[in-house]
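Quick notes on the structure that follows.
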Amino acid sequence: MNLYLRKDGRYESRIPNGKKSDGKRSFLYVFAHTKEKCMERVQEIRWKMMPSKPCELTFNALYEEWFRSIQHRVKESTAANYAMKASKHILPFLGKNPVSSVTADDIYSFISEKQKEGFSSRYIADIIILIKTIFKYAVRTYQIFNPLDGIMLPKKKAPEIQLLDETEQNKLQQYISSHQNRSTLGTALSMTTGVRIGELCSLQWGDIDLEKRILTVRKTMQRIQCPTETSKTKLVITSPKSESSRRQIPIPNCMMSFLLEFKGKSGEYILTGTEKPIEPRAMQYRFRTILKNAKLPSVHFHALRHIFATNCIKLGFDVKALSEILGHSSVEITLNRYVHSSFDQKREYMNRVQMKF
């Protein structure tokens, strides 16, 4: 939806309305003093412009048709994620409704219901984006009105990530130093390179060039749902989540002797020493045991990635370089999600302020 605030304080939106005699696109312009009122008026006009013959498909049928059209064009893990969200959340709520009868109020009711069930704003927004994608297909295929135009997504709140403080990090390093095995090797690798747990579990010795000191991330591992098969879930190794996630990471000097001690054949996985990998959930359990044995608080394995990013900033890393090491598509993601400053660090910064009064 084209919607913006004018200099006169009013909101303006425009609705495509065919073509002019000269072949150029024609628009209807809508004005209102508030953003919500402007979107409301746009929806009213679009309802009136809907085709006289509504789409007779139920949402269930529309979803099946849409899913068949995309499932061979996306990664298996992505298709499984879509199917899970649809079966657990979307279809039970909208499935039996005729597509043409779904309204913005239905979508807001859905959002409210999911909030009551305790789902995060980020997760609910992901589900709404999926519904939007399905309706975009319906608009293209059946020329129906899209009830999700102008829908306000729940504001995403960044999740609180529990980290280890500096003293606890040192304690973990000491434990790893005195208990060197494949599990602590994986923990150390994540602490010093920031690799994700799925990337770590899929690492083979062929991905690590010890002579050039380069670690190459070219695949990731995850367990996906497969409700249509005999087994409910299965482990898959696929390409990384995005093009920027394919990357080469220089191996720091502190990791070399540790890696050399456990080096195996090219096709062996570094966390097992065999050609059979360990899955992320099992590595998370191993990490939890490491923390327990080291008498440290329980944190998620992903906290190691946050710790790595925060420590790199403290060491003066260029943010662009750090972003590429982490496999992010932009420096904003690196700064907004992965860099955490402690109160002591803030105090140190504030003490640099020098004035005379």
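Within region 1-34, take every residue that is part of a strand (DSSP E or B) and hydroxyl-bearing (S, T, Y) and give me the one that is nearest to L148 (Cα to Cα).
Ranking the qualifying residues of region 1-34, first place goes to S13.
Go through L185, L148, L189 for me and flag whichever is touching a helix residue (DSSP H, G or I) at 6+ places or on another chain (Cβ under 8 Å) and either closer than 28 Å to E12 by Cα or surrounded by fewer than 15 Cβ atoms within 10 Å (Cβ to Cβ) (or both).
It is L148.
Could you please let me know if A138 is in contact with a Gly (Cβ under 9 Å, 6 or more places away or on another chain), modelled with pLDDT under 95 and under 23 Å from R46 (Cβ atoms)?
Criteria not met by A138.
So, S257, is that one out of contact with any Cys (no Cβ under 8 Å at 6 or more places or on another chain), assigned to a helix (DSSP H, G or I) and modelled with pLDDT of 90 or more or not?
Against the criterion (out of contact with any Cys (no Cβ under 8 Å at 6 or more places or on another chain), assigned to a helix (DSSP H, G or I) and modelled with pLDDT of 90 or more), S257 qualifies.
If you check Q162 against the conditions, is it exposed (fewer than 14 other Cβ atoms within 10 Å of the Cβ), farther than 30 Å from R41 by Cβ, among the polar types (S, T, N, Q) and touching a residue at least 24 places away in the same chain (Cβ under 8 Å)?
The answer is yes for Q162.
Here are some conditions: (1) of a type outside the set (K, R); (2) in contact (Cβ under 8 Å) with a residue 24 or more places away in the chain; (3) in the same structural domain as G264 (by TED's automatic domain parsing); (4) loosely packed, with under 13 Cβ neighbours inside 10 Å. L235 meets all but one. Which one does it not meet?
(4)
Within region 281-288, is there a residue that is in a loop (DSSP other than H, G, I, E, B) and either surrounded by fewer than 18 Cβ atoms within 10 Å (Cβ to Cβ) or aliphatic (A, V, I, L, M) (or both)?
There is no residue in region 281-288 that is in a loop (DSSP other than H, G, I, E, B) and either surrounded by fewer than 18 Cβ atoms within 10 Å (Cβ to Cβ) or aliphatic (A, V, I, L, M) (or both).
Find the residue count for region 253-280, including only residues that are surrounded by fewer than 13 Cβ atoms within 10 Å (Cβ to Cβ), closer than 30 Å to K320 by Cβ and either among the β-branched types (V, I, T) or in contact with a Ser or Thr (Cβ under 8 Å, 6 or more places away or on another chain) (or both).
Count: 1.
Any chance you could count how many residues in region 64-98 are aliphatic (A, V, I, L, M) and within 14 Å of T133 (Cα to Cα)?
Selection size over region 64-98: 6.
Answer with yes or no whether E275 is acidic (D, E) and farther than 14 Å from C201 by Cβ.
When the stated conditions are applied, E275 does not pass them.
Among the residues of region 123-138, is any closer than 25 Å to K37 by Cβ and touching a strand residue (DSSP E or B) at 6+ places or on another chain (Cβ under 8 Å)?
no
Across region 232-283, what is the number of residues that are touching a strand residue (DSSP E or B) at 6+ places or on another chain (Cβ under 6 Å) and of a type in the set (F, W, Y)?
The total comes to 1.
Just the residues that are among the basic types (K, R) and farther than 17 Å from G95 by Cα, please, taken from region 114-135.
K116, R122
May I ask you to say which residue of S26, S101, S109, S77 is in the same structural domain as I151 (by TED's automatic domain parsing), in contact with a strand residue (DSSP E or B) (Cβ under 9 Å, 6 or more places away or on another chain) and of a type in the set (G, A, S)?
Answer to the selection: S77.
Do we find a residue being over 29 Å from the mean Cα position of the chain (by Cα) and either over 15 Å from Y137 (Cα atoms) or of a type in the set (A, V, I, L, M, F, W, C) (or both) anywhere in region 75-95?
Checked against the condition, which is being over 29 Å from the mean Cα position of the chain (by Cα) and either over 15 Å from Y137 (Cα atoms) or of a type in the set (A, V, I, L, M, F, W, C) (or both), region 75-95 yields no hits at all.
Would you check if there is a residue in region 67-74 being in contact (Cβ under 8 Å) with a residue 24 or more places away in the chain and among the charged types (D, E, K, R)?
There is no residue in region 67-74 that is in contact (Cβ under 8 Å) with a residue 24 or more places away in the chain and among the charged types (D, E, K, R).
Hey, can you tell me all the residues within region 112-136 that are under 16 Å from the mean Cα position of the chain (by Cα), of a type outside the set (D, E) and in a helix (DSSP H, G or I)?
Answer for region 112-136, where residues must be under 16 Å from the mean Cα position of the chain (by Cα), of a type outside the set (D, E) and in a helix (DSSP H, G or I): S121, R122, Y123, I124, A125, I127, I128, I129, L130.
The values are calculated or read from the model by the stated rules, or taken from the named source; none is laboratory data. Since the model is a prediction, treat every value here as computed from it, not as a measurement. Glycine also receives a Cβ, built like all others from the backbone with ideal geometry; neighbour counts cover every protein chain displayed.
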